[in-house]
Amino acid sequence: MSGETILDVQNLFKSYFFKAGEIPILKKINFKIKLGEFVSIVGPSGSGKSTLLNIIGTLDRPNLGKIFINDVDAFSLNDNDLAYLRNTQIGFIFQSYNLINRASVLKNIEIPCIIAGIGKKERVDRAFKIMTMLGIRDKSHYKPYDLSGGEQQRVAIARALMTNPSIVLADEPTGNLDTKTGNEVFDLLNMLSTQQQRTIIMVTHNQNLALNTDRIIYLKDGEIEKEECLLNSNETRLKRLKNYNNEYTIN
């Protein structure tokens, strides 16, 4: 992990309007994340975790506040430039995988590069390189419904890496997986952080996984309740992960 700040979140405020009035979701959110840092965001349901992740990913806009990604003020950009920033700097991994069932694994993985206008040979070469790294090269012509949950999540991770993003956002990436498969997916995210210097920001209810990241941000009622720096080395993360009972979660 380097000392370079890759993400700077400043004074975020987000609310939604309902018939009953304005409901604040996020209030006075401030933090910085470094290149290669693995950060988990935890908190009870309704605390604003997914909303915060969507704003970091520029899928949603705050009412107030700023986000700097690689020193770029994301929400000062026009729609086209913001879409380019999102597609090239940020990778997304979802709990439900969000794969297209009628398309092959290879086609699913190619999608970000197709959007970015990258030629077929280059994007196929990239896809096979990443699939090899993730152990799913032999699944390239399968359809998502032919794969296990763990394999589908590996496809989703591969898709997230196709434009070589600096930041990978993972929203409950192990939530639909059994303990063993969830640990394997976590190990892949850990590898992306420690070996490839990608910044991983993971929303999770699983305290065991959170305890094996570099830092935990605790949200409660839309505010940061506290932060905990864990200073885990890669070896420490993996050792601790094997020793924990993975059924203990944050309620």
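Between the residues Leu161, Thr58, Ile41, the greatest Cα displacement towards the positive end of the dipole of the chain, with unit charges on the Cβ of Lys, Arg, Asp and Glu, is found for Leu161.
Per-residue ellipticity at 222 nm, computed for the chain from helices alone with -39500 (n - 2.57) per DSSP H run of at least four residues, works out to -10500 deg cm²/dmol.
The fraction of all Cα pairs in the stretch 1-85 landing in successive 5 Å bins from 0 to the largest distance is 3, 13, 22, 24, 19, 11, 5, 1, 1, 0, given as whole percents. Distance distribution note for the stretch 27-149: the fraction of Cα pairs above 22 angstrom is 49%.
Other residues lying with their Cβ under 12 Å from the Cβ of Ser47 contribute a combined charge of 0, Lys and Arg counting +1, Asp and Glu -1.
For the stretch 92-136 versus the stretch 10-87, the spacing of their alpha-carbon centroids is 26 Å. Only beta bridges with both residues in the chain are counted; by DSSP, about 55 percent of them are antiparallel.
Net length available on complete extension from Ala116 to Asp221 is 34.1 nm, with 0.36 nm assigned per residue and the Cα-Cα distance removed. Students often forget the sequence filter, so: which lysines lie under 30 Å Cα-Cα from Lys14 once same-chain residues fewer than 8 apart are removed? Within reach: Lys27, Lys28, Lys32, Lys34, Lys49, Lys66, Lys220, Lys226. For Ile6, nonlocal amide neighbours, meaning residues 5 or more places apart or on other chains whose placed amide H falls under 5 Å from its own, are Ile33, Lys34, Leu35.
Remark: the stretch 5-243 carries a charge dipole of roughly 400 debye about the Cα centre, counting +1 on each Lys and Arg Cβ and -1 on each Asp and Glu Cβ.
If you sort the three axes of the alpha carbon gyration tensor as a ≥ b ≥ c, you get a/c of 1.5 or more for the stretch 104-145 and a/b no higher than b/c, which makes it oblate. Relative to the globular-protein estimate of 2.2 N^0.38 Å, the Cα radius of gyration of the chain stands at 0.99. If you wrap the Cα atoms of the stretch 130-194 in a convex hull and average its projected area over all directions, you get 4.5 nm².
Rule-based calculations on the coordinates, nothing more; no lab input. Source: prediction; values computed, not measured. Counting neighbours? That spans all protein chains shown, and the Cβs are built from the backbone with ideal geometry, glycine included.
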